[in-house]
Each structure stands twice: as structure tokens, then as C-alpha cells.
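Chemist: Quick one: structure below, then a few questions.
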Amino acid sequence: MKKTCLFLAAFCILLSGRVSAEQIVFTSTGSYPPFSFKEGRQMSGINVEIIREALRRAGHEPVYKVMPFKRGLHALKEGKVAGYPGLFHTEERSEFLNYCAEPLCSVKIGIFVLRGSGLKVGGLEDLSGKSVAVMRNYAYGSEFDRHRGCECSPPESKIQKGLLSGLSLRRVHPHTQNTDCQGFTCLSFQA
């Protein structure tokens, strides 16, 4: 009996470490590859793995709530979630968010056009009068976000593949996207 009680006590102590690991809730659209995206029922990606490992070392566990961008940003502002990995720094967001002094990563935003379209883009002025596909509510950097010479058309789809589809179906002229996302999306689009 004494051995059984000791075994149960030891088991409960070991188990309590796992059970007491605090869960920290993050949000994501689940569609920002290769940084944070949904793969089956699991969140995956570079930012997701970095956060997962950092929290594991601190004895915590990340939990992701996938939601539309605007809703996720609102949840973050209201304190309902602890973070939003991969969120671009903007002056407006810095009024209610604390950003790390050292960025987790930096990205390049590219302007993509169909080969053979004859459209040459060397700068934002070359987009004047064009219908440019952008992800709804995303920030593309202060220079692009302030540029008003082109018509920014949110794609029909709210996911990265929607940008590529709009371009290939010639519904838009160029589209803007993080260059890492574009490469990842092209690979998954072919599959």
C-alpha cells in the first residue's frame, strides 16, 4: 500500500509539471506561408516553430486561434490573445503594440507580373492606372501604403493563392506579395 501511494504521489508530481505548463494564446490567419500557416489541423511555419521552441524552454505552450486578419488584430488590441506572429510594424499599430527591438525576421515585398505581359515595373510610379492585387488589410511598407497612383484591388480570395490566381486569370495586372510567400505559394500552387 505504501509503495502504491508513493508511486501515485511521484506520478502526480511528474504529471503536474506537464499540466501546469501555461498555455499562451496567439492568433494568425493561418495563411502566411512559410512563416505561419495551417497544415492540416496544425499550425506550422518558421515563426510558429520559433515561438513554440522559445515557449517550450520557458515552460509554456503556444495555442493558436486562426481567425481573419482584422478580427485577430482586434483580439490582440483587446488583450484576448498574447501575440500575432509576423505582424508588420506600422506607426498605427505601435500605438497599442510593443514590438521587439530586434525583429524576428525581415521580408522583401515584391511586385509580380505575368511573363510576356509587357508590363515593366521599376518603381511605384509604374503602377499608376493599374489594378494591383493586395491582401485585404495587410501592410506592405509605408511607401507602398501611402502610394495612391494605382487602384489596389483586394483579391476575391483572402488567401495568398488568391493573388496568384487573379494574376494568372488576368483579373489584375501586377500583384504585391512577400517574396518568401510568393515562392512558397508557387510551389504549393503547382502541387
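Since every read-out is calculated from the coordinates, none of them should be taken as a lab result. Just so it is clear, the model here is predicted, and its values are computed rather than measured. Note: ideal-geometry Cβ built from the backbone for every residue, glycine included; neighbour counts use all protein chains shown.
Chemist: When you scan the range 94-112, do you find a residue that is of a type in the set (A, V, I, L, M, F, W, C), in a loop (DSSP other than H, G, I, E, B) and under 24 Å from Val132 (Cα atoms), even just one? Before the answer, list the steps.
Modeler: Initially, the range 94-112 is screened for residues of a type in the set (A, V, I, L, M, F, W, C), giving 96-97, 100-101, 104-105, 107, 109, 111-112.
Now drop any that are not in a loop (DSSP other than H, G, I, E, B), which leaves 96-97, 100-101, 104-105, 107.
From the residues that got through so far, the ones that are under 24 Å from Val132 (Cα atoms) too are 107.
There is at least one residue in the range 94-112 that is of a type in the set (A, V, I, L, M, F, W, C), in a loop (DSSP other than H, G, I, E, B) and under 24 Å from Val132 (Cα atoms).
Chemist: Something else: I'm trying to understand the selection: among the residues of the range 68-92, which are among the aliphatic types (A, V, I, L, M) and either in a loop (DSSP other than H, G, I, E, B) or touching a Cys at 6+ places or on another chain (Cβ under 6 Å) (or both)? It would help to see each step written out before you state the result.
Modeler: First, pick out the residues of the range 68-92 that are among the aliphatic types (A, V, I, L, M): 73, 75-76, 81-82, 87.
Val81, Ala82, Leu87 - these are the residues of the range 68-92 that are among the aliphatic types (A, V, I, L, M) and either in a loop (DSSP other than H, G, I, E, B) or touching a Cys at 6+ places or on another chain (Cβ under 6 Å) (or both).
Chemist: Ok, one more. Being under 20 Å from Pro103 (Cβ atoms) and assigned to a loop (DSSP other than H, G, I, E, B) is the filter here; which residues of the range 28-57 pass it?
Modeler: Within the range 28-57, Thr29, Pro33, Pro34, Phe35, Gly45 meet the criteria.
Chemist: A further question follows. Say we look at the range 85-140 and pick out the residues that are closer than 26 Å to Pro62 by Cα and in contact with a strand residue (DSSP E or B) (Cβ under 6 Å, 6 or more places away or on another chain); which of these is surrounded by the fewest Cβ atoms within 10 Å (Cβ to Cβ)?
Modeler: Ranking the qualifying residues of the range 85-140, first place goes to Val107.
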